Amino acid sequence: MSDALKRQAAEAAMAEIRPGMRIGLGTGSTAWHFVDLLGARVARGFECLCVPTSEATATQARELDIPLATLEDIDSLDVTIDGADEIDARFRLIKGGGGALLREKIVAAASARMVVIADQSKLVETLGKFPLPIEVNPFGLAATRRAVAGVMDRFGAEGGFALRQRDGATFMTDGGHYILDASFGRISDAEALSRALLDIPGVVQHGLFLDLCHEAYLAAPDGVIRLSDR
Ligand code: 5RP
């Protein structure tokens with residue numbers, strides 16, 4: 001997606017922000033634009049308190065003097081604005097392309113609303129073309145891999161999975177975990193798949209966000225559309 005479309009989606013989502021709000025800050029290249037725009041507002045005196053979903057977003061927010069808090073300091077957030085790798089018509093998401101899915105899900109779950117910003121190409125009929133990120137504990141990795149492969153078989157995955165790499169080494173999340181990127185092709189029962197994956201002891205979390213998001217700003221060359229099921 002072009003950077004201009006990411007920026008437009010982020011700009012449109014600024015309409016959700018009110019003074020004094022507690023805001024969850026997403027992770028990724030689209031969320032980066034939202035944080036950048038929010039930083040410009042803060043520089044002009046806008047008051048808010050934000051919880052970042054990754055170390056990368058925390059660093060960006062600190063550089064912009066955006067006031068930060070943790071979920072230890074506050075119990076709930078008004079809204080989280082975040083990107084997505086896929087979104088379907090029921091606002092179910094695949095997230096975690098940037099590796100921040102665990103913190104993203106914790107922050108989204110602590111928010112009254114989660115609003116996705118993305119370009120329209122992320123809107124899909126069926127989830128699963130984007131490989132599903134599955135965050136796993138490094139301990140017992142071989143056993144977890146076997147169990148994940150079994151679940152993928154049961155759910156008719158069209159491909160296998162890969163242990164995520166970055167810069168020639170195994171990618172490690174902010175929480176010190178690994179990520180398996182699982183190529184399902186199409187996910188026909190996301191709710192059942194979610195439960196099956198979470199039943200595996202070594203699985204910390206997965207990138208299916210179900211019933212967490214109900215609004216999205218999707219940017220296309222002819223403008224930004226706002227979708228909501230509320
Ligand atoms: C990070 C994420 C991102 O929100 C997702 O990968 C979309 O990123 P981008 O805006 O760069 O396309 O889930 O864990």
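Annotations
- Hits in region 8-44 (condition: assigned to a helix (DSSP H, G or I), in contact with a Phe, Trp or Tyr (Cβ under 9 Å, 6 or more places away or on another chain) and open to solvent by 60 Å² or more (accessible area, probe 1.4 Å)): Gln8, Glu11
- Annotation note: Cβ proximity below 8 Å between a residue of region 6-31 that is over 21 Å from Ala220 (Cα atoms) and without any contact (Cβ under 8 Å) to a residue 40 or more places away in the chain and a residue that is more than 14 Å from the ligand (Cβ to nearest atom) and open to solvent by less than 40 Å² (accessible area, probe 1.4 Å) (sequence gap 6+ or interchain) occurs for Pro19/Phe46; Pro19/Cys48; Gly20/Cys48.
- Test result for Gly140, within 13 Å of the ligand (Cβ to nearest atom) and within 13 Å of Tyr178 (Cα to Cα): no
- Residues in region 130-185 that are among the charged types (D, E, K, R), touching a strand residue (DSSP E or B) at 6+ places or on another chain (Cβ under 7 Å) and part of a loop (DSSP other than H, G, I, E, B): Arg164 alone.
- Residue within region 52-75 that is surrounded by fewer than 24 Cβ atoms within 10 Å (Cβ to Cβ), more than 16 Å from the ligand (Cβ to nearest atom) and assigned to a helix (DSSP H, G or I) present: yes
- Residue ID - farthest from Glu11 (Cα to Cα), chosen from residues in region 192-219 that are part of a helix (DSSP H, G or I) and more than 17 Å from the chain's Cα centre (by Cα): Ala196
- In region 97-112, the residues that are within 10 Å of the ligand (Cβ to nearest atom) and either in a loop (DSSP other than H, G, I, E, B) or outside the structural domain of Glu86 (by TED's automatic domain parsing) (or both): Gly97, Gly98, Gly99, Ala100
- Taking region 1-41 as the range and being near the ligand (Cβ under 9 Å from one of its atoms), within 15 Å of Lys122 (Cα to Cα), polar (S, T, N, Q) and out of contact with any strand residue (DSSP E or B) (no Cβ under 6 Å at 6 or more places or on another chain) as the test, only Ser29 passes.
- Residue ID - most open to solvent (accessible area, probe 1.4 Å), chosen from residues in region 88-116 that are among the hydrophobic types (A, V, I, L, M, F, W, C) and over 11 Å from Leu212 (Cα atoms): Ala89
- Residue count for region 76-87, restricted to those that are polar (S, T, N, Q) and either crowded, with 22+ Cβ neighbours inside 10 Å or near the ligand (Cβ under 6 Å from one of its atoms) (or both): 1
The values are calculated or read from the model by the stated rules, or taken from the named source; none is laboratory data. Here the structure is a predicted model, which means the values were calculated and not measured. Cβ sites come from the backbone with ideal geometry, for glycine too, and all protein chains shown count toward neighbours. To get the accessible areas, we keep the full protein, side chains included, count just its heavy atoms, and leave off ligands, DNA and RNA. Shrake-Rupley method; radii C 1.70, N 1.55, O 1.52, S 1.80 Å.
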